[in-house]
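A.B. asks: My structure is below; once you've seen it, I'll send some questions.
Nothing in this text is a laboratory measurement; each read-out follows from the coordinates by a stated rule. Treat the numbers as computed from the prediction; the structure is a model and nothing was measured. Neighbour counts run over all protein chains shown; Cβ positions are idealised from the backbone, glycine included.
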Amino acid sequence: MGNASSKLKRLQPLIGVAAFGIAAFLVYRAVRQHSMSEIVDSLRSISSGHLALGAALTAVSFLCLTGYDALAVRYTGRDLPYRKIALASFTALSIGHTLGLAALSSGAVRYRFYTRWGLSPGDVGRIVLFCGMTVALGLSTVAGISALVRPDLVADMFGVPQAVVSAVGILPLLAVVAYVGLAFFVRRPIRIRRFELPVPSPGLALGQIAVGSADFLSVSAVLHQMLSASSDIGFFPVAVAYSLANGAAIMSHVPGGLGVIEAIVLSLYPGANVIGALIAFRVVYYLIPFAVGCMVFGVVELAHRRRQAQA
């Protein structure tokens, strides 16, 4: 079992490179059908109002992400002020979203913050796992409800019968229900080798589903703002497309889902206007928070070293 796990870890970078290569080819094939002037025109068609609303929805998404960490810190049994949790969460996730391999990139930043505030490495590990589970719960909830509420839409996207979509859509929701059931009825910690994971309380489990779902809907709304600037497209199709694209991006381990999200959205909604919208989406949701997060991290690190020097 250990050998298989170590082999899988060694293969993950190769899987990421392969996924990125395939996605890049698909994006190239979609982009080459349009001239640069068409893509530039599609970018210019995105009004300042759409960009401003997209930025506001990005802020809502990162606010939801601070909820991930707030619940996770509570899960460890520790007590930290929300302002500290929000600082660690935003800095870690604004960087981790763009660099990819969130458990490592954002986990390393979280470690820098939380261990300074008295949490143990084990606590930080539990926070990272808890937040990863919150992502899975949010994605499963949004994708499952999407498949059940609009099976016709998902069926048209993939050319499969609606009955198959409905049946598949039940599976992630069953997993969410099973998780909540675990929280309600199991009180003993889960032991993985020497690492012990307490089962979250029902309130924490329901909180994970709420903030995870709200986060995915917020990010879908950011993408919808960019697309709707030049296309007559509803929010629900965008939410379905983004949920599918994000799930593929997480499994591929490609940094920031670069190319993977674009390839899937372009395959569902081809066109020069979509290319421009995707570029704007990546700038608004990934690159600007990444730049701000790096600056915040740099300032915090410099201030910490100055305090150490003075001490």
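A.B. asks: When every alpha-carbon pair in the range 106-232 is counted, what percent end up more than 25 Å apart?
C.D. replies: The answer is 42 percent, as a whole percent.
A.B. asks: Using the per-residue mean of other Cβ atoms lying within 10 Å as a proxy for protection, in what order, highest first, do the peptides 285-292, 196-203 fall?
C.D. replies: 285-292, 196-203
A.B. asks: Now for a different question. Tell me which residues come under 5 Å, amide H to amide H, from LEU197 once H is placed; ignore anything under 5 positions away on its chain.
C.D. replies: ILE190, ARG191, ILE192
A.B. asks: Which order, highest average first, do 69-79, 215-225 follow once you tally other Cβ atoms within 10 Å for each residue and take the mean per peptide?
C.D. replies: Highest mean packing first, the order is 215-225, 69-79.
A.B. asks: Using the crude model of +1 on Lys and Arg Cβ and -1 on Asp and Glu Cβ, and no other charge, please compute the dipole size for the range 108-240 relative to its Cα centre, in debye to 20.
C.D. replies: 920
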